[in-house]
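Please read the structure below before turning to the comments.
The values are calculated or read from the model by the stated rules, or taken from the named source; none is laboratory data. Here the structure is a predicted model, which means the values were calculated and not measured. Because the Cβ atoms are built from the backbone with ideal geometry, glycine has one as well, and the counts that use them run over all protein chains shown.
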Amino acid sequence: MVQGHDQRPPSLSVLPRVVRDHLGSRDVVKVVYGAVVGLAVVVALEHNAGSAGQTSAAVVGTALAVALAEAYSEFVGIETRERRHVAGREIPGLAAEAAAVAFGAGFPAAFFALATLGAIELPTAFTLVKWTGLGLIFAYGFAASRLAGSSLATALLHAAAVGAIGGMLIAVKALVH
């Protein structure tokens, strides 16, 4: 047995099927990437934001732009790397990956939509976005480590390390303002 690893990864049977399926897909990579982008955009907008509606629109616009960049770069990557045209059957997969990026990057818009509706205040929306974004990055890091067979302590350390990415975004912006 390797130190820091359990003999077998934890069972996924306790998780809902949709979560198990998600954790076994390439979408994880794309959602995490999108979440980091979304968090960076929100942190950058926080002290120069317009209205909640404008902030929501900026987040959604950024999510769509990043998703299109993801799809385009994958498309070009296939053609240059494999020296062939992208097959029509590959387009739905590229679109699905781009949609996962858009979801991760665009999710913060939901909090700004709530602020637009008056359910929460704009500063509260920013706070919720930062902490849920950080929590999401932490949770994915923890899940990845546990599913790879790490002990609970090692998985928590791994999650803290990758969570530091989001924390650094927040800390740098706090230092600037």
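Of the residues that make up region 52-66, is at least one under 21 Å from Met168 (Cα atoms), at pLDDT 90 or above and of a type in the set (Ser, Thr, Tyr)?
Yes, because at least one residue in region 52-66 is under 21 Å from Met168 (Cα atoms), at pLDDT 90 or above and of a type in the set (Ser, Thr, Tyr).
Condition check: within 22 Å of Leu23 (Cβ to Cβ), in contact (Cβ under 8 Å) with a residue 12 or more places away in the chain, out of contact with any helix residue (DSSP H, G or I) (no Cβ under 8 Å at 6 or more places or on another chain) and buried (at least 17 other Cβ atoms within 10 Å of the Cβ). Does Gly133 satisfy that? Step through it out loud before you land on a result.
Numbers: within 22 Å of Leu23 (Cβ to Cβ): yes; in contact (Cβ under 8 Å) with a residue 12 or more places away in the chain: yes; out of contact with any helix residue (DSSP H, G or I) (no Cβ under 8 Å at 6 or more places or on another chain): no; buried (at least 17 other Cβ atoms within 10 Å of the Cβ): yes.
The answer is no for Gly133.
Does Ala109 fit the bill of being modelled with pLDDT of 95 or more and surrounded by 22 or more Cβ atoms within 10 Å (Cβ to Cβ)? Talk me through it step by step, then tell me what you get.
Values: modelled with pLDDT of 95 or more: yes; surrounded by 22 or more Cβ atoms within 10 Å (Cβ to Cβ): yes.
Yes: the conditions hold for Ala109.
Suppose we filter Gly163, Gly141 for residues that are without any contact (Cβ under 8 Å) to a residue 24 or more places away in the chain and either crowded, with 20+ Cβ neighbours inside 10 Å or not polar (S, T, N, Q) (or both); which single one remains? Steps first, please.
Details: Gly163 fails: without any contact (Cβ under 8 Å) to a residue 24 or more places away in the chain.
So the residue among Gly163, Gly141 that is without any contact (Cβ under 8 Å) to a residue 24 or more places away in the chain and either crowded, with 20+ Cβ neighbours inside 10 Å or not polar (S, T, N, Q) (or both) is Gly141.
Scan (1) more than 15 Å from Ala40 (Cα to Cα); (2) at pLDDT 95 or above for the single condition Ala139 breaks and write down its number.
It fails just one condition, (2).
When the residues of region 61-89 are narrowed to those that are in contact with a helix residue (DSSP H, G or I) (Cβ under 7 Å, 6 or more places away or on another chain) and of a type in the set (D, E, K, R), which ends up farthest from Thr132 (Cα to Cα)?
Glu74
Considering Leu128, Leu114, which residue is within 20 Å of Tyr33 (Cα to Cα), assigned to a helix (DSSP H, G or I), in contact with a Leu (Cβ under 9 Å, 6 or more places away or on another chain) and not hydroxyl-bearing (Ser, Thr, Tyr)?
Details: Leu114 fails: within 20 Å of Tyr33 (Cα to Cα).
Just one listed residue meets the conditions, Leu128.
Looking at the structure I just gave you, is Arg89 at pLDDT 85 or above, of a type in the set (Lys, Arg) and at positive phi? Write out each step before concluding.
Numbers: at pLDDT 85 or above: yes; of a type in the set (Lys, Arg): yes; at positive phi: no.
The answer is no for Arg89.
Could we say that Ala171 is in a helix (DSSP H, G or I), touching a helix residue (DSSP H, G or I) at 6+ places or on another chain (Cβ under 7 Å) and farther than 17 Å from Val32 by Cβ here? Show your work before the answer.
Details: in a helix (DSSP H, G or I): yes; touching a helix residue (DSSP H, G or I) at 6+ places or on another chain (Cβ under 7 Å): no; farther than 17 Å from Val32 by Cβ: yes.
Judged against the criteria, Ala171 is not a match.
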